[in-house]
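Structure first, then comments.
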Amino acid sequence: MYKQSPQAAYIHIPFCQHICHYCDFNKFFLQGQPVDEYLEALDKEMALTLEGNPAEAMKSLFVGGGTPTALNVAQLEKLCKSINAHFRKPPEIEYTFEGNPGDLSYEKLAILKNSGVNRLSIGVQSFNDDLLKKIGRSHRAIDVYKTVEDAKRAGFENISVDLIYALPGQTLDDFRETLSEALSLGLPHFSGYSLIIEPKTVFYNLMKKGKLPLPGEDVEAAMYELLMDEMAKHGYRQYEISNFAKKGFESLHNITYWKNEEYYGFGAGAHSYVGKVRRSNIGPLNRYMTSLDEGRLPVLEENEVTKEEAMEEEMFLGLRMSDGVKKAHFEKKFSVPLESVFQSQIETLSKNGLIDAEGESVFLTRKGKLLGNEVFQSFLM
């Protein structure tokens with residue numbers, strides 16, 4: 001099917017016990033959904049994609065959602081067996097499952113561990129119970145401590161926690177308290193994202209009605225600076241705009257995206273980048289499953305990436321990382337010097353103090369991190 005094999009794969013499980021007010025991912029309320037049939041279709045998609053061209057030894061597998069751990073024990077076991085049947089997993093692979101506090105029972109954690117999963121990404125978002133209620137989360141702070149304790153007991157060391165700031169009604173002091181609680185867990189990796197209001201979400205509808213009291217831009221920027229400072233103070237390196245890790249615990253899977261490398265994407269609404277072609281899958285479950293029942297890959301759209309588009313992507317994805325874009329790597333990949341393609345952007349952004357392009361790499365300054373979107377957009381020609 002494909003001419004070359006990526007070494008990373010994303011697998012999408014679109015089911016949730018609760019729908020959060022800010023989420024715009026392809027997801028469905030779990031109750032009454034054809035979960036087992038979906039898992040069978042997912043297995044067919046992996047088989048069909050890899051037919052005649054088995055995947056190489058993988059660097060990373062990432063199972064996200066939705067909430068993969070919303071599956072029951074038998075379904076989780078079925079999913080893990082299916083993934084393990086299709087992919088060769090060397091000992092050094094990073095194999096991640098997303099989960100929510102409260103969904104991750106010890107029994108489920110043991111199944112994941114026994115199936116070779118070695119990294120967990122836990123959607124905590126906040127330690128303020130009132131805020132958790134406001135954003136539509138079903139867990140409370142107490143569930144986070146239990147889930148992390150159970151995960152460690154099950155043998156997981158590589159655990160990441162997601163936090164969201166600039167939430168409705170959130171103050172700087174509240175976010176400081178959440179950071180303090182998060183850091184007390186002593187985990188090797190944290191992600192911190194500012195809230196983005198997406199169309200077709202509960203929050204979007206509330207905002208349109210003027211009923212969403214968001215912190216202003218200044219407060220949001222202060223929260224981001226606090227996040228950067230607190231993480232640095234506690235020995236976490238900011239290796240990407242929103243990600244912080246102890247040495248050796250950076251997310252290999254996300255680095256695949258930021259380095260603009262190719263990856264498989266499986267599941268309803270999943271995206272892939274293989275053989276210089278970006279594909280998106282059909283989102284609605286029945287159409288996704290019907291396509292596979294008929295022996296067809298569930299492709300909704302595909303777009304061959306031109307050299308110009310690939311160079312743009314290299315910049316706005318690569319600049320998310322603290323190491324930035326290496327000039328020699330860019331020239332080797334595209335057979336043209338970086339400066340000759342983006343000379344005017346580099347001059348303007350350097351003059352405005354948003355990037356540093358003096359050495360072997362182009363990377364964001366602290367000011368540039370605060371105005372990241374402005375920097376990224378400037379590389380879209």
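Any read-out appearing in this document is the output of simple, stated calculations on the displayed coordinates, not a laboratory observation. Just so we're clear, the structure is a prediction, and the values are computed from it rather than from any experiment. Positions of Cβ are backbone-derived with ideal geometry, glycine not excepted, and every protein chain shown enters the neighbour counts.
Some observations on this one:
- Here's the list of aspartates and glutamates a cross-link from Lys211 could span, going by alpha-carbon distance under 18 Å and ignoring same-chain residues fewer than 8 apart: Asp130, Glu198.
- Counting lysine pairs in segment 72-135 whose alpha carbons fall under 16 angstrom apart, excluding pairs fewer than 8 residues apart on the same chain, gives 6.
- With the simple spin-label model, which puts each label point 7 Å out from Cα in the Cβ direction, the Ala222 to Lys367 separation comes to 2.2 nm.
- Segment 197-258: trypsin sites (Lys or Arg not before Pro) falling in loop per DSSP and having at most 13 other Cβ within 10 Å: Lys200, Lys209, Lys211, Lys247
- Going from the fewest other Cβ atoms within 10 Å to the most, the residues Phe87, Phe97 appear in the order Phe87, Phe97.
- Residue-span extension gain [Gln31 to Lys259] - 0.36 nm each, minus C-alpha spacing: 78.3 nm
- Residue list for segment 114-146, given a label point 7 angstrom along the Cα-to-Cβ vector of His234 and an amide N cut-off under 18 Å: 120-129, 141-146
- Bridging of Lys307 to lysines at a Cα separation below 22 Å is possible for Lys3, Lys259, Lys276, Lys326, Lys327, Lys332, Lys333, once same-chain residues fewer than 8 apart are set aside.
- Enclosed volume per residue, in Å³, of the convex hull spanned by Cα atoms of segment 324-371: 66 Å³
- For the chain, diffusion coefficient by Stokes-Einstein and Kirkwood Rh (Cα), 4 °C, 1.567 mPa s, µm²/s: 59 µm²/s
- Taking other C-beta atoms within 10 angstrom as a stand-in for reagent exposure, Lys78, Lys307 fall in the order Lys307, Lys78, fewest first.
- Backbone N under 19 Å from the Ala141 label point (7 Å along Cα→Cβ), restricted to segment 155-175: 161-175
- Largest-first ellipsoid semi-axes for segment 13-72, taking √(5λ) over the Cα gyration tensor eigenvalues, angstrom: 26, 15, 9
- Distance in nm between pseudo-label sites at Lys247 and Glu360 (7 Å out along the Cβ direction from Cα): 1.8 nm
- Database note for the chain: Cys without another Cys beta carbon under 4.7 angstrom, Cys16, Cys80.
- Sequence of Glu250, Glu56 once ranked by neighbouring C-beta atoms within 10 Å, starting from the fewest: Glu56, Glu250
- Only Cα sites of segment 47-189 enter the Debye sum here, all with the same form factor; the resulting log10 I(q)/I(0) across q = 0.10, 0.14, 0.16, 0.19 1/Å is -0.38, -0.69, -0.85, -1.10, listed in q order.
- Fully extended contour minus Cα-Cα distance, from Asn205 to Glu294, at 0.36 nm per residue: 28.2 nm
- 3J(HN,Hα) along segment 116-121, derived from phi through the Karplus expression 6.51 cos²θ - 1.76 cosθ + 1.60 where θ = phi - 60°, amounts to x, 5, 10, 9, 10, 10 Hz, with x in place of Gly and Pro.
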